[in-house]
Amino acid sequence: MDTTAARRSILARIRAAQGRDAAPAPHEREAVADYLARHPQGPRPPLEGDLVAHFVEQAKKMATTVDEVAQLADVPAAAARYLASLKLPTQAVAWKSLESPESFDWTGAGLSVEFRKPEDRDLVGLTGCFCATAETGTLVLLSGPHTWASGALLPETHIAVVSASRIVAGHEDAFALMRAERGELPRAVNFVSGPSRTGDIEQTIILGAHGPYRVHVIVVHGA
């Protein structure tokens, strides 16, 4: 049983113990939607100006490196430049959503990319993202059949492709976009703010403690 099915099974047992049907009735879903629509948001700091510029600024503060390109076709060359600048491997694994040869010529850029879940030996992972938040320079990744969460967590280097049009102001806007486009959350939602880090040992920040040592974002303005 996968995580989503297990979660539904647990909730169904709770509902059964309360004398309710296993699945929410239409009127229950409508009540939740009405509550969310009427529920006022809490106070938020103002965010003015260009969201893309603000995202880039905040991402860099979190030790994320950033490149900006005009269109999707420029992404493979940008990824190759980044890897070459750090003398990193040119072999990578990627989300299936990045496989389209009409949009991404990985081979032409000198990269060897396999579209599968990463394994221990894979050092570079390429992903897209559902959206990104300008307030904190954060990537929002939703798991799915072709957007596996491990693609951004297991490889030492994570390269994310971010459409400029999908950069929203804050986390509240990201969740609102999920509700509007997906209806319900997937089995995993990951908010990525820079490389993995810990300060547990003598309060010394160590990168790559529980995930990638590096996070590189390629912002695509024409997407």
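The values are calculated or read from the model by the stated rules, or taken from the named source; none is laboratory data. Quick caveat: nothing in here was measured; it's all calculated off a predicted structure. Every residue, glycine among them, receives a Cβ derived from its backbone with ideal geometry; neighbour counts consider all protein chains shown.
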Seminar exercise, completed: Across segment 48-67, the tally of residues that are under 24 Å from Pro195 (Cα atoms) and assigned to a loop (DSSP other than H, G, I, E, B) stands at 3
Exercise. Hey, Glu102 hits all of (1) without any contact (Cβ under 8 Å) to a residue 60 or more places away in the chain; (2) in a loop (DSSP other than H, G, I, E, B); (3) under 16 Å from Gly125 (Cα atoms) but one; which does it fall short on?
Worked result: (3)
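For (1) surrounded by 17 or more Cβ atoms within 10 Å (Cβ to Cβ); (2) in contact (Cβ under 8 Å) with a residue 40 or more places away in the chain; (3) not assigned by TED's automatic domain parsing to the domain that holds Glu172; (4) not β-branched (Val, Ile, Thr), each residue gets a yes or a no:
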site: Ala59; (1), (2), (3), (4): yes, yes, no, yes
site: Thr64; (1), (2), (3), (4): yes, yes, no, no
site: Val75; (1), (2), (3), (4): yes, yes, no, no
site: Lys96; (1), (2), (3), (4): no, yes, no, yes
site: Glu114; (1), (2), (3), (4): no, no, no, yes
Exercise. Across segment 8-50, what is the total count of residues that are in contact (Cβ under 8 Å) with a residue 12 or more places away in the chain and loosely packed, with under 10 Cβ neighbours inside 10 Å?
Worked result: 2
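Scan segment 158-196 for residues that are out of contact with any Ser or Thr (no Cβ under 8 Å at 6 or more places or on another chain), β-branched (Val, Ile, Thr) and closer than 23 Å to Gln41 by Cβ and report the count. It would help to see each step written out before you state the result.
Going through segment 158-196, the residues out of contact with any Ser or Thr (no Cβ under 8 Å at 6 or more places or on another chain) turn out to be 162-166, 172, 175-185, 196.
After this cut, where a residue has to be β-branched (Val, Ile, Thr) as well, the list is 162.
Of the ones still in play, those that are also closer than 23 Å to Gln41 by Cβ are none.
Selection size over segment 158-196: 0.
When you scan segment 30-41, do you find a residue that is part of a helix (DSSP H, G or I), closer than 22 Å to Ile167 by Cβ and of a type in the set (Val, Ile, Thr), even just one?
No: zero hits.
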Exercise. When you look at Pro101, is it under 19 Å from Ala152 (Cβ atoms) and out of contact with any His (no Cβ under 6 Å at 6 or more places or on another chain), yes or no?
Worked result: no
Exercise. Is there any pair with a first residue in segment 185-197 that is at negative phi and a second that is outside any loop (DSSP other than H, G, I, E, B) and modelled with pLDDT under 85 whose Cβ atoms are under 7 Å apart and which are 6 or more apart or on different chains, and what are they?
Worked result: Arg187/Thr3; Arg187/Thr4; Pro195/Leu207; Ser196/Leu207; Arg197/Ile206; Arg197/Leu207
Seminar exercise, completed: Restricted to segment 120-152 and to residues being modelled with pLDDT under 95 and buried (at least 24 other Cβ atoms within 10 Å of the Cβ), the residue farthest from Gly49 (Cα to Cα) is Gly151
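Being assigned to a strand (DSSP E or B) and either in contact with an Asp or Glu (Cβ under 9 Å, 6 or more places away or on another chain) or hydrophobic (A, V, I, L, M, F, W, C) (or both) is the filter here; which residues of segment 68-85 pass it? Don't jump to the end; show me each part of the working.
Kept after step one, since they are assigned to a strand (DSSP E or B), are these residues of segment 68-85: 68-69.
Across segment 68-85, the qualifying residue is only Val69.
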Exercise. If you check Leu153, Leu142, which single one turns out to be assigned by TED's automatic domain parsing to the domain that holds Val192, under 25 Å from Ala84 (Cα atoms) and touching a residue at least 12 places away in the same chain (Cβ under 8 Å)?
Worked result: Leu153
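Can we say Leu88 is surrounded by 14 or more Cβ atoms within 10 Å (Cβ to Cβ), under 15 Å from the mean Cα position of the chain (by Cα), at pLDDT 95 or above and not in a helix (DSSP H, G or I)?
Details: surrounded by 14 or more Cβ atoms within 10 Å (Cβ to Cβ): yes; under 15 Å from the mean Cα position of the chain (by Cα): no; at pLDDT 95 or above: yes; not in a helix (DSSP H, G or I): yes.
So Leu88 does not fit the description; no.
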